[in-house]
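Report on the structure given below.
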Amino acid sequence: MSFIKTLINGEEGLFKGDTLTQMQKLALRFVVVGLVFYAIVVVEGMIMRVFEVQAISLFSQEQFFAIMTAHPLVGIFGSTYLIVFGAFLFLVPFLMKKPLWSIKMANWTLVFVTVGTFTFWLAGFLTHYAPLYTLYWPLPADFNQFSVWGGTFFILGIALVMVGTALFIFNTFKTIMYTPEGWEKQPAGALFASAIGISGFKNLFRKEKKDHLVSLPVAAIARGTVDMAFNTAIILFTGVLILIYMLGSLMGFDLKTTAIDALLYKNWFWWGLDLIADGLVLIFVAGTWYLLATLITGKKLFMENIARTALLVELVVSWTVWSHHLLSDQAQPGILKVLSGEMVTALELITQGLAFFITLATLWSARPLKMTNPLKFLLGGLLGFALAVPAGIMQADVGLNRILHNTQWVIGPHVHVAVLVGLTMTLYSAIYFLFPILTNGAKWYSEKLVKIHFWCHLIGGIGMGAFMGMAGLNGMLRRSLYLNGEFNTYMVLAALSGTLLLIGFLAFFFNIVMSVGVKGAIDIFLPAKIKGKNLLPE
Amino acid sequence: MVDSNVVIYGQTLAYTFYCIIIILVMAWFAYMVTKSGEGTFVKPKIFYTFVGFLTVLGVSLHIITYNTIPWAELDLNRANYTPDKTFVITVQDHKFTLPTDKMIVNVNDKVLFDVQSKDLTYGFGLFRNDNSMMFQMQVVPGHRNDILWQFTKPGIYTIRSTEYSGPKGVFMIEKDVVEVVDPNGAAK
């Protein structure tokens, strides 16, 4: 087949949009839009990497910080949330062996998150609203620095994302608990208890253990979704608070920012944000590792009951861990610094360490395995967290935090390695696994491009984190600019590593376009010809 | 008190060593899991040993640092110490206002930096001439932000805001404003 024909029809013309079910199209739409936002994040990341080396005249410093504000939010909500939502909206019905509660609601989730992400991104791009995602009070309401209109649209965009997220949460729990029409009545309360871990917890004290009503990956999805629900409420509340100040300013009232305590706000903010960073991300990732390990090997999960308990512990840990972000806040009570900031945070070493070990042990039980694409990326994801979690534990120490807080160490070896290598490679593993299922057997255009994608992403991600970390250890701050090239050696090396990431992504993007074809990619967004809620064609 | 760059050096060595080991372990695993042989179940004893190791590691890290990094104890119990010198610094409109007299400190003196913000959340960090960080803290409006530090070597230090407070925060640098001198010798 010629290049042009493959570009239009996909590899060997195997991908046919009209053979897809509504559910397959739904999942693919989420993934495609999520990948488009990921492309924006990669480009923005490269702009910032270049700007850290040399302040290019194409962008002002205000624009640089506006990009820095939107970058993680587009990455979390526009890309990761959408890819995860797409995968879970397909997997929960698949694992529960019953249809999704509402396909319509799932489509609205996609619309809200997409429009919301684009809205806050555009508001930041046009008006340079840049309080960063940390939103340290009273910065988001500082209208001497930032446009009040830009901020209003920025916050509205975030609110739209949260509405979409709330719909996903509702749909997920409804799917776990509801009884499909014409089916025998399902025990909604017992299913809910099993999903969030209440029945598993009771089992610890029972002589006769009861069977789990939901599988382990569904339990992980449900427990991560609990954190997501709390976080959504907190972000919405925070957004409303900021909007009140913005609307006040638009109407000519100067509301006193001192009415809000900056330290209390900081505690509130980090409590909410850690429900994502130290909660649902770790819980979803562990659940995905378990699912992938069992699907790849066809074996039972090693130490399944311990894995379930660890997921529950992780959920509780995520509610009590926030103070490690406030170790450098001198007014923060010492007891919170030590108990929440140090000790509870150290539990994450245990819970993530267990997930790491259990996944490897499950894979080991099935050796020899073929080094498939999902396995390759899964191992990359495991390595990412094995590198990033100890880096985080180190900075969550009263002594070390004094010389690491807000340096490039935090954002390099910890955040970027966790997100880019740990989380993203786990997501790629799931995408490579689900691709033939969601496309009814479409083939990858090029295995060589998959290899390029893997190695460029792995080396680029670890390399970027490492060079940022070296700069951080030498005193380079995050969320700042060094206009005299003080750390240029590290920043050039980090930019080169970032270029590898970009090459890896382009290889993946080109491969996926050539695999499904332009026609197929457009077809994904057209209404499905196969009606009904079936996951796969009969 | 040891200088903070000694601690950074130790941390760099420890983390680099760990990274090399874990990358090698994963490479070994990736090779072995695809090699011909028979799949075996990992013995629970190995699993529980691993859990025990992580628990000991997680807890002992903080105990070790508390007992080896001197400013950890000094920081948590700073209310119980009497500083040899106190410097009050205010911050407003992205500008540090320093004491009128130059901030000169004797080696081994315990110095309290009391930094107050009148508007936004800022940071307060002391940096060496090579841009490496001596220490930092957050400066939150409406709250007391103080840090007690004992300098062990003579030197000249620059103050820089270590927290983002808007694009103007990049320029919050007060060069060479803290001088540590050895009363028994010349400042280096």
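Looking for whichever is surrounded by 21 or more Cβ atoms within 10 Å (Cβ to Cβ) and within 24 Å of A:A442 (Cα to Cα) here; the options are A:A27, A:A70, A:A39, A:A66. Which one fits?
A:A27
Residues that are within 14 Å of chain B (Cβ to nearest Cβ) and assigned to a loop (DSSP other than H, G, I, E, B): does the stretch A:486-498 have at least one?
yes
Mind listing whichever residues of the stretch A:110-154 are within 21 Å of A:F269 (Cα to Cα), among the small types (G, A, S) and assigned to a helix (DSSP H, G or I)?
A:G116, A:G124, A:A141, A:G151
Condition test on B:I22, is it facing chain A (nearest Cβ under 7 Å), touching a strand residue (DSSP E or B) at 6+ places or on another chain (Cβ under 9 Å) and assigned to a helix (DSSP H, G or I)? If you could, list the steps in order and put the result at the bottom.
Numbers: facing chain A (nearest Cβ under 7 Å): yes; touching a strand residue (DSSP E or B) at 6+ places or on another chain (Cβ under 9 Å): no; assigned to a helix (DSSP H, G or I): yes.
Here the answer is no, as B:I22 does not meet what is asked.
Considering each of B:H94, B:H62 in turn, give the residue that is on the phi > 0 side of the Ramachandran plot and surrounded by 17 or more Cβ atoms within 10 Å (Cβ to Cβ).
Working: B:H62 fails: on the phi > 0 side of the Ramachandran plot.
Just a single option satisfies the conditions, and that option is B:H94.
For the condition within 11 Å of chain A (Cβ to nearest Cβ) and either part of a loop (DSSP other than H, G, I, E, B) or of a type in the set (G, A, S) (or both), what is the one hit in B:V42, B:V59?
B:V42 is the lone residue from the list that is within 11 Å of chain A (Cβ to nearest Cβ) and either part of a loop (DSSP other than H, G, I, E, B) or of a type in the set (G, A, S) (or both).
Within the stretch B:25-39, how many residues are loosely packed, with under 11 Cβ neighbours inside 10 Å, within 7 Å of chain A (Cβ to nearest Cβ) and either more than 20 Å from A:G298 (Cα to Cα) or at pLDDT 95 or above (or both)?
The total comes to 0.
Among what's in the stretch A:333-343 and is touching a residue at least 12 places away in the same chain (Cβ under 8 Å) and within 23 Å of A:T407 (Cβ to Cβ), pick the residue that is nearest to the other protein chains (Cβ to nearest Cβ).
Among those that are touching a residue at least 12 places away in the same chain (Cβ under 8 Å) and within 23 Å of A:T407 (Cβ to Cβ), it is A:E342.
Go through the stretch A:487-521 and give me each residue that's within 27 Å of the chain's Cα centre (by Cα) and without any contact (Cβ under 8 Å) to a residue 12 or more places away in the chain.
Once the filter is applied, which keeps residues that are within 27 Å of the chain's Cα centre (by Cα) and without any contact (Cβ under 8 Å) to a residue 12 or more places away in the chain, the stretch A:487-521 yields only A:L506.
Results for (1) touching a residue at least 24 places away in the same chain (Cβ under 8 Å); (2) out of contact with any strand residue (DSSP E or B) (no Cβ under 6 Å at 6 or more places or on another chain); (3) at negative phi, shown as yes or no for each residue.
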{"position": "B:L54", "(1), (2), (3)": "no, yes, yes"}
{"position": "B:A72", "(1), (2), (3)": "no, yes, yes"}
{"position": "B:T86", "(1), (2), (3)": "yes, no, yes"}
{"position": "B:T90", "(1), (2), (3)": "yes, no, yes"}
{"position": "B:P99", "(1), (2), (3)": "no, no, yes"}
{"position": "B:M103", "(1), (2), (3)": "yes, no, yes"}
{"position": "B:T121", "(1), (2), (3)": "yes, yes, yes"}
{"position": "B:N131", "(1), (2), (3)": "no, yes, no"}
{"position": "B:H143", "(1), (2), (3)": "no, yes, yes"}
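So, of the residues in the stretch B:171-187 that are over 20 Å from the mean Cα position of the chain (by Cα) and not in a strand (DSSP E or B), which turns out to be farthest from A:S60 (Cα to Cα)?
Here the residue is B:N184.
Could you list, in sequence order, all residues of the stretch A:365-376 that are touching a residue at least 24 places away in the same chain (Cβ under 8 Å), over 17 Å from A:G422 (Cβ atoms) and at the interface with chain B (Cβ under 9 Å from one of its Cβ atoms)? Spell out the reasoning first.
Going residue by residue through the stretch A:365-376, those that are touching a residue at least 24 places away in the same chain (Cβ under 8 Å) are A:365-366, A:369, A:372-376.
Going one step further and asking which of them are over 17 Å from A:G422 (Cβ atoms), we end up with A:365-366, A:369, A:372-373.
Passing the criteria: A:S365, A:A366, A:L369.
Condition (residue is under 23 Å from the mean Cα position of the chain (by Cα), farther than 27 Å from B:Q116 by Cα and either crowded, with 22+ Cβ neighbours inside 10 Å or facing chain B (nearest Cβ under 10 Å) (or both)) applied to the stretch A:321-332: is it met by at least one residue?
Checked the stretch A:321-332: at least one residue is under 23 Å from the mean Cα position of the chain (by Cα), farther than 27 Å from B:Q116 by Cα and either crowded, with 22+ Cβ neighbours inside 10 Å or facing chain B (nearest Cβ under 10 Å) (or both).
Test each condition in (1) closer than 21 Å to A:A106 by Cβ; (2) among the hydroxyl-bearing types (S, T, Y); (3) surrounded by fewer than 22 Cβ atoms within 10 Å (Cβ to Cβ) for A:T172 and report the one that comes out false.
Every condition holds for A:T172 apart from (3).
Please give the number of the condition A:L379 fails out of (1) within 22 Å of the chain's Cα centre (by Cα); (2) in contact (Cβ under 8 Å) with a residue 12 or more places away in the chain.
For A:L379, the exception is condition (2).
Quick test for you: out of B:G185, B:G155, pick the one residue that is of a type outside the set (K, R), more than 9 Å from every other protein chain (Cβ to nearest Cβ) and exposed (fewer than 15 other Cβ atoms within 10 Å of the Cβ). Spell out the reasoning first.
Details: B:G155 fails: exposed (fewer than 15 other Cβ atoms within 10 Å of the Cβ).
None of the others qualify; the one that does is B:G185.
Residues in the stretch A:279-290: is at least one touching a strand residue (DSSP E or B) at 6+ places or on another chain (Cβ under 7 Å) and either of a type in the set (D, E) or modelled with pLDDT under 95 (or both)?
no
Each row is one residue, and each column tells you yes or no for (1) in contact with a Ser or Thr (Cβ under 7 Å, 6 or more places away or on another chain); (2) under 16 Å from A:G224 (Cα atoms); (3) modelled with pLDDT under 95; (4) among the basic types (K, R).
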residue	(1), (2), (3), (4)
A:M96	yes, no, no, no
A:N107	no, no, no, no
A:T119	no, no, no, no
A:Y136	yes, no, no, no
A:G157	yes, no, no, no
A:V163	no, no, no, no
A:A166	yes, yes, no, no
A:K185	yes, no, no, yes
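Touching a Lys or Arg at 6+ places or on another chain (Cβ under 7 Å), in a loop (DSSP other than H, G, I, E, B) and more than 10 Å from chain A (Cβ to nearest Cβ): does that describe B:P83?
Yes: the conditions hold for B:P83.
Working only within the stretch A:225-246, note down all residues that are of a type outside the set (V, I, T) and either under 27 Å from A:F85 (Cα atoms) or crowded, with 22+ Cβ neighbours inside 10 Å (or both).
A:D227, A:M228, A:A229, A:F230, A:N231, A:A233, A:L236, A:F237, A:G239, A:Y245, A:M246
Going residue by residue through the stretch A:42-64, is there one that turns out to be part of a loop (DSSP other than H, G, I, E, B), farther than 30 Å from B:K168 by Cα and not aliphatic (A, V, I, L, M)?
No: zero hits.
Buried (at least 22 other Cβ atoms within 10 Å of the Cβ), on the phi > 0 side of the Ramachandran plot and either facing another protein chain (nearest Cβ under 8 Å) or touching a His at 6+ places or on another chain (Cβ under 6 Å) (or both) - does that describe any residue in the stretch A:392-408?
yes
Which residue, of B:G142, B:G125, is within 7 Å of chain A (Cβ to nearest Cβ), in contact with a Leu (Cβ under 9 Å, 6 or more places away or on another chain) and either part of a loop (DSSP other than H, G, I, E, B) or modelled with pLDDT of 95 or more (or both)?
So the residue among B:G142, B:G125 that is within 7 Å of chain A (Cβ to nearest Cβ), in contact with a Leu (Cβ under 9 Å, 6 or more places away or on another chain) and either part of a loop (DSSP other than H, G, I, E, B) or modelled with pLDDT of 95 or more (or both) is B:G142.
Failed condition for B:K102, given (1) buried (at least 17 other Cβ atoms within 10 Å of the Cβ); (2) more than 14 Å from the chain's Cα centre (by Cα), with all others met?
(1)
Where residues in the stretch A:445-485 are more than 14 Å from chain B (Cβ to nearest Cβ) and more than 25 Å from the chain's Cα centre (by Cα), which of them is surrounded by the most Cβ atoms within 10 Å (Cβ to Cβ)?
Checked the stretch A:445-485; the qualifying residue surrounded by the most Cβ atoms within 10 Å (Cβ to Cβ) is A:Y445.
The values are calculated or read from the model by the stated rules, or taken from the named source; none is laboratory data. Since we're looking at a predicted model, the values are computed, not measured. So basically every Cβ, Gly included, is an ideal-geometry build from the backbone, and we count neighbours across all protein chains shown.
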